[in-house]
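Here is the structure we will look at.
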Amino acid sequence: MSKIILAAVLLALPLPALAVTPLSYDTTNGNTGTYTYHDDSYSGAGSTTTDGSALTGGLGDLTDGVLPSGHWNSVPNVSNLPWVGWYGYNPTVAFNFSPGTVINHAIFYFDDNTDGGVALPQGVTFLADGNALTGTLTKTGNGIFSAYDYDFGGVALTSLSATLNRDGNWVMLGEAQFTGPSGAVPEPASWAMMVGGFGLLGGALRRRSAKSVSFA
């Protein structure tokens, strides 16, 4: 009976959505205003200290897994801001993935502070391998940033370019995150937690079975 129960639990538990990290992204470096809004940690080619420099073949502030803890004008370390900011044109960030990577969600975190000429974008235009891609947009916020969550429903691609459509003001992007379909193979840490839980459940079931045994 315990094996049947354990199997039922395995089937009933939902697997977590798979976090997908790009191999690299290409974009133009941020601009300088009151502070510098460069992609300071970018690891690829291009100058991280020059406004508008072409950045190619690397990863940086936009995929470091760190969400901004304050607005563009309230972060103490102003020499290395977590925001990459552009002004004067609509920037494009092209994310590169392993061929055939399935993307369900793309989530972009924008500074929603309206002071100093900073504003949320009018929208984001996506191309998947050069073809137009649309998704259902859900916006959420926490007072520091607004998360633009685009649900693509699962699309296999190698590259995803995102053009940020400014409304005439600065646009500040702090992080971009991607997830694959629910039920995909979870990350090792998730598997470890699940296996540990199953072990505890199995032990509890065995102890319960042992206690229920009686002798005539």
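See the values below:
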| item | result |
| --- | --- |
| Flag if Leu127 is among the hydrophobic types (A, V, I, L, M, F, W, C) and free of Cβ contacts under 8 Å to residues at least 40 places away in the same chain | yes |
| Those residues of the stretch 87-117 which are within 20 Å of Thr32 (Cβ to Cβ) and either among the charged types (D, E, K, R) or assigned to a strand (DSSP E or B) (or both), in sequence order | Thr92, Val93, Phe110, Asp111, Asp115 |
| Unique match (being more than 23 Å from Trp83 (Cα to Cα) and out of contact with any helix residue (DSSP H, G or I) (no Cβ under 6 Å at 6 or more places or on another chain)) among Pro181, Pro121 | Pro181 |
| Among the candidates Thr63, Thr101, residue that is in contact with a Leu (Cβ under 7 Å, 6 or more places away or on another chain), surrounded by 12 or more Cβ atoms within 10 Å (Cβ to Cβ), over 19 Å from Asn165 (Cβ atoms) and at pLDDT 95 or above | Thr101 |
| Selection within the stretch 99-121 - under 21 Å from Gln177 (Cβ atoms) and either of a type in the set (S, T, N, Q) or out of contact with any strand residue (DSSP E or B) (no Cβ under 9 Å at 6 or more places or on another chain) (or both) | Thr101, Asn104, Asn113 |
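The values are calculated or read from the model by the stated rules, or taken from the named source; none is laboratory data. As the structure is a computational prediction, the values presented were derived from the model and not from experiment. Cβ coordinates were reconstructed from backbone atoms using ideal geometry, including for glycine residues, and neighbour counts include every protein chain displayed.
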